[in-house]
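Take a look at the structure set out below.
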Amino acid sequence: MIHEGQPVGRRGPAVEEARAVCVLLHGRGRDVEDVLALADRIALDDVAFLAPAARDHTWYPQSFLAPVEENEPFLGSALGVVDGLLGAFDRSRVVLGGFSQGACLASEYALRHPGRYGGLLLYTGGFIGPPRTEPPRRGSFDGTPVYMGTSDPDDWVPVWRVRETATVLSELGADVTLDVFEGMDHIVDDAEIAAGRELLQRL
């Protein structure tokens, strides 16, 4: 499902000239332009926004709550795409984020690669695996600021997994802010955009 030769969508200045870099991962059935619309709404002209594409508009085929092996080898390939993109940067100036399936992928990547990021921006997402999955608990996020926003209920990402993810990130030293919006649709609302803008401005 991942075609590593696909171009990466971009907004803002060249990464060499940017104050910060924000890597955004799109959701299932969405595309690069869809997730870069979040960058347009955040509207910071000194941040370089990058968005890789998944083939057929999905990073892995099953629900993020399915057994991990049911999403392989696609999940491993997707994580490799993120790793290849982030490998070019000092992660302390990179904010990794996404929406829905993209936020789940970003959560999973971060927990498998803990460290001091510029930030995590997780819109309706959590780590990957079925109920009672124990995510990686190694390393430290060393104060990495994390913003998580989600709806309750949500048809695709249950709020309990988002809360589990927030707890694990906090236990590993991240500075987590979690907003749960009652009855919100499966969207990124203006309050979440404002929180993302504030996180990036502080970097």
Exercise. Read through the labelled values (1) 15.2, 44; (2) 20.6, 75; (3) 18.5, 62 and report the label of the one computed as Rg and Dmax of the Cα atoms in Å from the structure.
Key: (1)
Quiz item: Counting Lys and Arg as +1 and Asp and Glu as -1, what is the net charge of the other residues whose Cβ lies under 15 Å from the Cβ of residue 143?
Solution: +1
Quiz item: Which whole-Hz couplings ³J(HN,Hα) result when phi for each residue of segment 37-49 is put into the Karplus expression 6.51 cos²θ - 1.76 cosθ + 1.60, θ = phi - 60°, listed in order with x for Gly and Pro?
Solution: 4, 5, 4, 4, 6, 5, 6, 10, 7, 10, 10, 8, 9
Quiz item: Which net charge results for the neighbourhood of residue 115, defined as the other residues with beta-carbon distances under 12 angstrom from its beta-carbon, given Lys and Arg at +1 and Asp and Glu at -1?
Solution: +2
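Taking 8 Å as the Cα distance limit and 6 or more residues as the minimum spacing, I'd like the relative contact order of the chain as a percentage.
Values: 438 pairs, mean separation 38.7, N = 203.
About 19 percent, as a whole number.
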Practice problem: Work through the residues other than residue 177 whose Cβ is under 12 Å from its Cβ and net out their charges, Lys, Arg +1 and Asp, Glu -1. | Solution: -3
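Using 0.36 nm times the number of residues separating residue 134 and residue 69, minus their current alpha carbon distance, what extension gain do you get? Walk me through the numbers on the way to the answer.
On the way: separation 65, 0.36 × 65 = 23.40 nm, distance 1.48 nm.
Roughly 21.9 nm would be gained on extension.
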Quiz prompt | Antiparallel DSSP beta bridges within the chain, percent to nearest 5 | solution = 10
Self-check item: Anisotropy class of segment 94-167 from Cα gyration tensor, a/c 1.5 cut
Solution: oblate
Exercise. When a/c is below 1.5 the answer is rounded, else prolate if a/b is larger than b/c, else oblate, so apply that to segment 119-203 with a ≥ b ≥ c taken from the square roots of the Cα gyration tensor eigenvalues.
Key: oblate
Quiz prompt | Likely footprinting exposure, 122, 65, 44, fewest C-beta neighbours within 10 Å first | solution = 65, 44, 122
Quiz item: How many angstrom lie between the C-alpha centres of segment 1-66 and segment 169-188?
Solution: 20
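Each value in this text was obtained by applying a stated rule to the coordinates, not by laboratory testing. Being a predicted model, the structure only gives us computed values, none of them experimental. Every residue, glycine as well, gets a Cβ built from its backbone with ideal geometry; the counts of neighbours run over all protein chains shown.
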